[in-house]
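Just below is one structure, and these are the notes that go with it.
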Amino acid sequence: MSMVKVEVKDFIAVVTMNNPPVNSQPMEFMQELTEVFDTFNDRDDVRVIVLTGEGKMFSAGADLKQRPDFSVQGTRSRRNRIVREVAASIMDNAKPTIAAVNGPALGAGLGLAVSCDVIVASERAVFGLPEVDIGLMGGGKHAMRVFPHSLVRRMMLTGYRVPAEECFRRGIIEASLPHDELLPWALALAKDIASKSPVATRLAKDSMRTIETMPLRDGYIYEQGNTAKLSTTHDAAEAVRAFVEKREPVFLGR
């Protein structure tokens, strides 16, 4: 049975994690989610993605009830590769992704949320790395991309779960909203992104992902290269024509 639901409408794909009761992530789930995100790279009917969870949880992280037998040769390496790739399939995806965090995002669940381009959360949400409480660890590097130095260490060393409101106050997420306003807010943002040239948003995401760890000079050179690529496209010319003619542009994605 599928653990990932996908609905596409008006160039927006809503991806809902659906593995009750807590949207934990067994190996099959991670492989399915990776495959779903891989398909978006080749879909012209998808310009932006919203990732959320079914029920009360965004995702409680790894499924501890289905730990593989690590005494079998190759098992640990295979599992670690699959775990790495599920987050990478979001970060490396050509399409911008919004995390609509409807409830707790813990461990590998936090990893999925921070792999998205924009994060918005319900007031019911918390973000945590609780592995220390069960003799494990993980997710620190993903968390460090968006959470401050001291806070990440507090989370990893104590299992502290950061409320959505605190995340918003610290500038980690875009909004902390009443629960029933979460998905409408995320969809409104997705609609705004989907209205832009898909060539422009792809190149913008490519730039942001690539320059993240680059020095300033190298990063700006890379951005300038993508700007040059964009300037030769149909959509760039259409944007100029639409501005001059005082009308909405019609983007073709080329």
Discussion item. Between Q31, Q25, which is within 26 Å of V132 (Cα to Cα), among the polar types (S, T, N, Q) and surrounded by fewer than 18 Cβ atoms within 10 Å (Cβ to Cβ)?
Written reply: Q31
Fill in: Cβ pairs under 6 Å, 6+ apart, first in segment 158-174 and part of a helix (DSSP H, G or I), second at pLDDT 95 or above and surrounded by fewer than 20 Cβ atoms within 10 Å (Cβ to Cβ)
A164/E123
Worksheet item: So, in segment 201-223, of the ones that are in contact with a Phe, Trp or Tyr (Cβ under 8 Å, 6 or more places away or on another chain) and not β-branched (V, I, T), which residue ends up nearest to K9 (Cα to Cα)?
Response: S207
Worksheet item: Considering K205, K141, which residue is in contact (Cβ under 8 Å) with a residue 40 or more places away in the chain and under 19 Å from the mean Cα position of the chain (by Cα)?
Response: K205
Worksheet item: How many of the residues in segment 174-205 are buried (at least 17 other Cβ atoms within 10 Å of the Cβ) and within 16 Å of K95 (Cα to Cα)?
Response: 16
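Per-residue answers, yes or no, for (1) part of a helix (DSSP H, G or I); (2) among the basic types (K, R); (3) out of contact with any Cys (no Cβ under 7 Å at 6 or more places or on another chain):
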| residue | (1), (2), (3) |
| --- | --- |
| A186 | yes, no, yes |
| A190 | yes, no, yes |
| A204 | yes, no, yes |
| G225 | yes, no, yes |
| K229 | yes, yes, yes |
| R247 | no, yes, yes |
Item to complete: Give segment 120-159 a look and list any residue that's closer than 18 Å to V22 by Cα and of a type in the set (K, R), or say none.
Response: R124
Discussion item. Kindly evaluate S122 against the criterion of being out of contact with any Gly (no Cβ under 6 Å at 6 or more places or on another chain), crowded, with 20+ Cβ neighbours inside 10 Å, farther than 26 Å from E212 by Cα and not acidic (D, E).
Written reply: yes
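The values are calculated or read from the model by the stated rules, or taken from the named source; none is laboratory data. As the structure is a prediction and not an experimental result, all values here were calculated from the model. Note that we place each Cβ from the backbone using ideal geometry, even for glycine, and neighbour counts take in every protein chain shown.
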